[in-house]
Amino acid sequence: MHYRRSKTPGATFFFTVVTYRRNKILCHETNVSLVKEAFLHVTSCHPFRIRAFVLLPDHIHCLWTLPENDNNYSMRWQLIKSYFSRRCQNKYKGTQTVSRLHKGEQGIWQRRFWEHQIRDENDLVRHIDYIHYNPVKHGLVNSPIAWPYSSFRRYVKQGDYAADWGSECKIEFDAKVGYE
């Protein structure tokens, strides 16, 4: 089966990007800064709007809206992953994480990423909720507000969420959200 990516210019997309073999390297203090630096570098050359974001130890979920006449999110992910990998490799030099170059993988990231084009406002809200609840889902914290590597606090500050959202009881998502 051949997977075909959506190529709608100016659309909003949900992404999941995973580290190679789910190595838990992303939330190390220097790597958090490096991920941010990679995004800032790429958005300065190839703009896009980050609508929601969460960095977890072994993966990233985010929502982007591309410029009106642009559909090239693959190039942006390639640049982000490459920027991060080049600067991170010295840290892991000689380990299996970096030395294993298999099927085009850089040793830090899985070769591909998952994307889903947002269909409507309801789909957008469900994916923003999914992103912000993900650290709780993975047992990293008891409340989204407690996770420092997320856009959740920005949403609370804007009045889009109560600070205690997601902490009172488990939130269940439709099986397709995050896996379409």
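The values are calculated or read from the model by the stated rules, or taken from the named source; none is laboratory data. Please read all numbers here as calculations on a predicted model, not as lab measurements. Quick reminder, even Gly has a Cβ in these numbers, built from the backbone with ideal geometry, and neighbours come from all protein chains shown.
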Leading residue by the ranking (surrounded by the fewest Cβ atoms within 10 Å (Cβ to Cβ)) among those in region 32-63 that are of a type in the set (A, V, I, L, M, F, W, C) and in a strand (DSSP E or B): Ile50
Just checking, how many residues over region 27-38 are in contact (Cβ under 8 Å) with a residue 24 or more places away in the chain and more than 17 Å from Phe152 (Cβ to Cβ)? 5
Quick check on my filter: what residues within region 24-40 are over 24 Å from Met75 (Cβ atoms) and charged (D, E, K, R)? Lys24, Glu29
Going by the structure shown, is Phe14 modelled with pLDDT of 95 or more, closer than 23 Å to Tyr161 by Cβ and touching a helix residue (DSSP H, G or I) at 6+ places or on another chain (Cβ under 6 Å)? yes
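Here is a yes/no grid of residues against (1) touching a Leu at 6+ places or on another chain (Cβ under 6 Å); (2) assigned to a loop (DSSP other than H, G, I, E, B); (3) of a type in the set (A, V, I, L, M):
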{"residue": "Val125", "(1), (2), (3)": "no, no, yes"}
{"residue": "Pro135", "(1), (2), (3)": "no, no, no"}
{"residue": "Asp160", "(1), (2), (3)": "no, yes, no"}
{"residue": "Gly166", "(1), (2), (3)": "no, yes, no"}
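Kindly check whether there is at least one residue in region 8-22 that is part of a helix (DSSP H, G or I) and touching a Ser or Thr at 6+ places or on another chain (Cβ under 9 Å).
Just the residues of region 8-22 that are part of a helix (DSSP H, G or I), to begin with: 20-22.
Filter once more, so that each one left must be touching a Ser or Thr at 6+ places or on another chain (Cβ under 9 Å): 20-21.
Yes; the residues of region 8-22 include at least one that is part of a helix (DSSP H, G or I) and touching a Ser or Thr at 6+ places or on another chain (Cβ under 9 Å).
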Residue in region 143-151 that is loosely packed, with under 13 Cβ neighbours inside 10 Å, farther than 30 Å from Arg5 by Cβ, modelled with pLDDT of 95 or more and of a type in the set (S, T, N, Q) present: no
Of residues in region 152-163 being touching a helix residue (DSSP H, G or I) at 6+ places or on another chain (Cβ under 7 Å) and not aromatic (Phe, Trp, Tyr), the one surrounded by the fewest Cβ atoms within 10 Å (Cβ to Cβ): Ala163
Hey, Ser6 within 22 Å of Cys88 (Cβ to Cβ) and not hydrophobic (A, V, I, L, M, F, W, C) or not: no
